[in-house]
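Where a number appears in this text, it was derived from the coordinates with a stated rule and is not lab data. Model, not experiment: these values are computed from the prediction. Neighbour counts are summed over all protein chains in view; Cβ atoms, including those assigned to glycine, are modelled from backbone coordinates with ideal geometry.
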Amino acid sequence: MVALLGSWVIVAALIIVVISTVLGMLVGIKDPTTRLTTGLVSGMRFTSLGMIVIGNQLSSNPGYLAAGITYALIDFIVPMFFAIEIGRRAAAGTAAPVTEANA
């Protein structure tokens, strides 16, 4: 894991997660509930599939496994950070509540 700090794995994982979250939010651009749901779910996808491929097809090669685990951690942490921040803003009243009137 320490060797990954000098590589571009962390930066690439951050870029992939942020882009997939934004693209997921574009799917539900008109409905706030759908926008949040598809955005957060899109940002958290395919981690388990990647780990299965690394384990089965690549014989758990440590070089690929370390990058896969790093991506899995970032893929979990970044959308959770978004969800916590959205929840915090909704609780503070800075975000508009989702109702039938403004949906």
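I need the peptides 19-26, 64-71 ranked by packing, meaning the mean over residues of other C-beta atoms within 10 angstrom, with the highest value on top.
On the way: 19-26: 16.2, 64-71: 18.6.
Per-residue Cβ counts within 10 Å, averaged per peptide and sorted highest first, yield 64-71, 19-26.
Is segment 22-89 rounded, prolate or oblate when judged by the Cα gyration tensor, a ≥ b ≥ c being the square roots of its eigenvalues, rounded requiring a/c under 1.5 and prolate requiring a/b larger than b/c?
prolate
To the nearest 20 Debye, how big is the dipole of segment 22-89 about its Cα centre, given +1 on the beta carbon of each Lys and Arg and -1 on that of each Asp and Glu?
200
Once Lys and Arg get +1 and Asp and Glu get -1 on their Cβ, which of ILE77, VAL27, SER48 lies farthest toward the positive end of the dipole of segment 22-89?
It is VAL27.
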